[in-house]
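The values are calculated or read from the model by the stated rules, or taken from the named source; none is laboratory data. This structure is a prediction, so every number in the text was calculated from the model and none was measured. Glycine also receives a Cβ, built like all others from the backbone with ideal geometry; neighbour counts cover every protein chain displayed.
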Amino acid sequence: MEDHRVQPEREPLPPRSPGEGGSRDPLWGSVPAAGKGSYRVRASAAPLRLISVVGTRPEFVQVEPVLRALSRSHEAILVHTGQHYDPTMSAMILRSLKLRRPHATLGVGSGSHATQTARIVERLEPILARRRPHAVLVFGDTNSTLAGALTASKMEIPVAHVEAGLRSYNRAMPEELNRIVVDHLSDLLFCPTAAAVSNLRREGLRKGVHRVGDVMLDSARAWGSAVRRRHVARALGLRKGRYLLLTLHRPGNVDDPATLSRILRAVGRLGETVLFPVHPRTRTRLRRARLGSTASALRMVEPLNYLDFLSALMDSGKVLTDSGGVQKQAYFFGVPCITLREETEWVETVRSGWNTLVGTRPGAIARAVREFSPVGRRPQFYGDGHAAENILKALEARL
């Protein structure tokens, strides 16, 4: 249910009349009078009303610096879809990032991709109708991202996609389908890298595209000092640089018992100390497949909050993961990354030599743990830590 302890409603800004002619914006070119791409008119000094729709742990990390930037001069409203509802994936991350309570929580819970998406659309629509924002911001590539963009677009509310333009070119991944659809629905596409901009151009998307940098780098830099003071590895009895960090949550790796067992057996036979914060989805799959004994060689712990996870990552010798966000975080902090996938949307981490793709092949995993030791420089592919400020400037110019 919507949290009624929100800021008082402002008078809604009227939509442009279908009879009004289009205009020419010096930055954005032709602006249609109505339909896709139309937007509400405001006085240049008036604050914007912006709704950010998020629902998963990575999205909370992405939205935090953006909310911080927007809230200084605009009305920034946070809607939590409830796609991640386990306390370790939701309430704990909100507390660790000191995020305020969402203005509305949709409580969609678990379900198929279609079920989750439909519930979000149904529950988000009345909020957007009542609040009448100047734009809706969506983040990443989840079902919450897709549903937020679809709902706003159908209501002729401008959509801004943060982390636009990423492509793994593996359409078997639900996230890849979400990325493609959301990018083609969006009016503003905030790209983290040059490669993301190029991907959009190949698909004919040029208008509204901005290379702003990566908001997760903003977050990593903002919280870096606090992270370095946490010493999570020491608290767990681990020695800095003498353990591996493992994360697993992708459906392709954890939903098939044979694949999940193969990964865990391969990692368990490495002869290394392995810290394994277990994602709730993965824990459920382990229990259903009765793979608890297979993972017994690993140091299994409950999911860590955001700052504790970054501390464990920074102090690890290497990280093994199937997470896109963790690949970037490892790059930010100079930790060698072994990705348990055949492809990645974060191609820069591979091209720079700091990430290697091994899939789920036991031999490749073992070889990478033994031999993969990058030492080269890490170019600033992801900007300078001011992506949120760049997003704010683009929104103010466009809306």
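Give G111, G82 a once-over and let me know the one that is small (G, A, S), under 23 Å from E176 (Cβ atoms), part of a loop (DSSP other than H, G, I, E, B) and not assigned by TED's automatic domain parsing to the domain that holds T247.
That would be G111, the only listed residue that is small (G, A, S), under 23 Å from E176 (Cβ atoms), part of a loop (DSSP other than H, G, I, E, B) and not assigned by TED's automatic domain parsing to the domain that holds T247.
Answer yes if at least one residue in the stretch 272-289 is acidic (D, E), under 21 Å from T360 (Cα atoms) and in contact with a helix residue (DSSP H, G or I) (Cβ under 6 Å, 6 or more places away or on another chain), and no otherwise.
No, there is no match, as no residue in the stretch 272-289 is acidic (D, E), under 21 Å from T360 (Cα atoms) and in contact with a helix residue (DSSP H, G or I) (Cβ under 6 Å, 6 or more places away or on another chain).
Evaluate the following for A226: is it in contact (Cβ under 8 Å) with a residue 60 or more places away in the chain, within 19 Å of the chain's Cα centre (by Cα) and closer than 30 Å to L392 by Cβ?
Values: in contact (Cβ under 8 Å) with a residue 60 or more places away in the chain: yes; within 19 Å of the chain's Cα centre (by Cα): no; closer than 30 Å to L392 by Cβ: yes.
Considered against the rule, which asks whether it is in contact (Cβ under 8 Å) with a residue 60 or more places away in the chain, within 19 Å of the chain's Cα centre (by Cα) and closer than 30 Å to L392 by Cβ, A226 comes out as no.
Looking only at the stretch 316-327, count how many residues are touching a helix residue (DSSP H, G or I) at 6+ places or on another chain (Cβ under 6 Å) and within 21 Å of G140 (Cα to Cα).
Adding up the residues that qualify gives 3.
Is it the case, given these coordinates, that P257 is more than 20 Å from E176 (Cα to Cα) and either at pLDDT 95 or above or within 26 Å of the chain's Cα centre (by Cα) (or both)?
The answer is no for P257.
For the stretch 301-349, which positions are surrounded by fewer than 18 Cβ atoms within 10 Å (Cβ to Cβ) and more than 19 Å from the chain's Cα centre (by Cα)?
The answer is V301, E302, G317, G334, E342.
Identify, by number, the condition in (1) touching a Leu at 6+ places or on another chain (Cβ under 9 Å); (2) surrounded by fewer than 19 Cβ atoms within 10 Å (Cβ to Cβ); (3) in a loop (DSSP other than H, G, I, E, B) that V121 doesn't meet.
Of everything listed in (1) touching a Leu at 6+ places or on another chain (Cβ under 9 Å); (2) surrounded by fewer than 19 Cβ atoms within 10 Å (Cβ to Cβ); (3) in a loop (DSSP other than H, G, I, E, B), V121 misses just condition (3).
If only one of D183, D187, D141 is free of Cβ contacts under 8 Å to residues at least 24 places away in the same chain and surrounded by 18 or more Cβ atoms within 10 Å (Cβ to Cβ), which one is it?
After applying the criteria, what remains is D183.
Would you check if T151 is over 29 Å from E343 (Cβ atoms) and in contact with a His (Cβ under 6 Å, 6 or more places away or on another chain)?
It is false that T151 is over 29 Å from E343 (Cβ atoms) and in contact with a His (Cβ under 6 Å, 6 or more places away or on another chain).
Of the conditions (1) buried (at least 24 other Cβ atoms within 10 Å of the Cβ); (2) on the phi < 0 side of the Ramachandran plot, S168 satisfies every one except a single condition; which number is it?
Failing condition for S168: (1).
Kindly check whether there is at least one residue in the stretch 351-365 that is in contact with a Phe, Trp or Tyr (Cβ under 6 Å, 6 or more places away or on another chain), in contact (Cβ under 8 Å) with a residue 60 or more places away in the chain and under 30 Å from L264 (Cβ atoms).
Taking the stretch 351-365 and keeping what is in contact with a Phe, Trp or Tyr (Cβ under 6 Å, 6 or more places away or on another chain), we get 354, 356.
Within this subset, residues satisfying the condition of being in contact (Cβ under 8 Å) with a residue 60 or more places away in the chain are none.
Within the stretch 351-365 (the criterion being in contact with a Phe, Trp or Tyr (Cβ under 6 Å, 6 or more places away or on another chain), in contact (Cβ under 8 Å) with a residue 60 or more places away in the chain and under 30 Å from L264 (Cβ atoms)), the answer is no, since none of the residues qualifies.
Can you tell me which residue among S96, S110, S73 is surrounded by 19 or more Cβ atoms within 10 Å (Cβ to Cβ), in contact (Cβ under 8 Å) with a residue 24 or more places away in the chain and not acidic (D, E)?
Going through S96, S110, S73 in turn, just one is surrounded by 19 or more Cβ atoms within 10 Å (Cβ to Cβ), in contact (Cβ under 8 Å) with a residue 24 or more places away in the chain and not acidic (D, E): S96.
For the stretch 121-145, which residues satisfy the criterion of being more than 22 Å from the chain's Cα centre (by Cα) and within 19 Å of F60 (Cβ to Cβ)?
I127
Could you please let me know if L137 is in the same structural domain as I51 (by TED's automatic domain parsing), modelled with pLDDT of 95 or more and in contact with a Ser or Thr (Cβ under 8 Å, 6 or more places away or on another chain)?
In short, yes.
Check L357, L340 and return the single one that is modelled with pLDDT of 95 or more and closer than 14 Å to L245 by Cβ.
L340
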